[in-house]
Amino acid sequence: MNKGGDKFTFKISVVGDGAVGKTSLITKFTKGRFQKEYIKTIGAQFFSYEEEIDGNYFKLLFWDIAGQDDFNFLRPSFYKESKAAIIVYSLEENDLGQESFKHITNWHDNIKNYCGNIPTVLFGNKVDLVDEKNLNDNKVLKIVKKRNFLGYYRTSALTGTRVSQGFHAIIKELYNKFNKSRSISQ
Ligand code: GDP
Ligand code: MG
């Protein structure tokens, strides 16, 4: 890691209903790849991940909210200054799958409320529990288009399917934004 290079820190909020796999996804992506920091707070925790792109040193802070309503008062500080967001729902064919799908737009409204129009990626997680051949993306892709999400990924924190791809969609977008703002300011 080139610690002497430029260093940029981005906060990324990871949201979605409880038990859809937020913590598992962040753990899968950050664990063992780069140095991991794990700090548990009340109602939320964050994971740090470092990556060097073209000699620029990036630090990403993934904020992982605990879904409990008791901690609603923490929401504003949870979202504050987020530069991007990941919304997770579950592809499971049960109540959790259906409810978490319905709540995608609520989570996105929350993000827009607190952060404005930040790049947002959608994960349909636990794809290992369903047969991908039987999935129909029409409904979800309508939301993706209407809400202008950066992308949609069917992921599995268990097998690792598309986890890196999904996270890197966000990282690449932040990198491009950073490059653009740097070339304007020079
Ligand atoms: P969170 O509440 O959104 O942070 O969800 P967790 O990461 O705690 O995961 C909830 C439960 O789902 C745990 O028992 C996980 O082991 C399980 N889980 C998470 N992701 C996956 C996945 O991709 N596939 C399967 N089969 N189980 C998962
Ligand atoms: Mg969790």
Length gain on complete extension for the stretch ASN113 to LEU158, per 0.36 nm per residue less the alpha carbon to alpha carbon distance?
13.0 nm
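Rounded to the nearest 20 Debye, what is the dipole magnitude of the chain about its Cα centre when Lys and Arg each give +1 and Asp and Glu each give -1 at the C-beta? Could the numbers behind the result be given before it?
Working: 28 positive and 21 negative charges, 131 e Å.
It works out to roughly 640 debye.
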Extension reserve of the PHE8-ASP137 stretch, reckoned as 0.36 nm per residue once the Cα distance is removed:
42.9 nm
Exposure rule at most 16 other beta-carbon atoms within 10 Å, DSSP loop GluC sites (Glu not before Pro): the chain longest free segment:
94-186
Per residue, how many Å² of accessible area does the stretch 7-185 show with a 1.4 Å probe?
51
Can you send over the solvent-accessible area of ILE170, 1.4 Å probe, protein chains only, in Å² to the nearest 10?
0
Under a straight-distance cross-link criterion of Cα-Cα below 23 Å, which lysines are reachable from LYS31, leaving out those fewer than 8 residues away in the same chain?
LYS3, LYS7, LYS11, LYS22, LYS40, LYS59, LYS83, LYS126, LYS172
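Using the Kyte-Doolittle scale, which helices in the chain average at least 0.0 and also have C-alpha atoms spread 20 Å or more along the helix axis, with helices defined as whole DSSP H runs? Walk me through the numbers on the way to the answer.
Working: long enough: 163-185 (34 Å, -0.41).
Qualifying helices, which must be both long enough and hydrophobic enough, do not occur.
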Accessible-area composition of the chain, carbon plus sulfur, in percent [1.4 Å probe]:
49
Going by accessible area, probe 1.4 Å, with all protein chains left in place, what is the ranking of THR23, THR155, largest first?
THR23, THR155
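The values are calculated or read from the model by the stated rules, or taken from the named source; none is laboratory data. Bear in mind the structure is a predicted one, so any value in this text is a computation, not a measurement. All Cβ positions, even for glycine, are placed from backbone atoms using ideal geometry, and neighbour counts span all protein chains on display. Ligands, DNA and RNA are stripped out before the accessible areas are found, and what is left, the full protein with its side chains, is counted by its heavy atoms. Shrake-Rupley method; radii C 1.70, N 1.55, O 1.52, S 1.80 Å.
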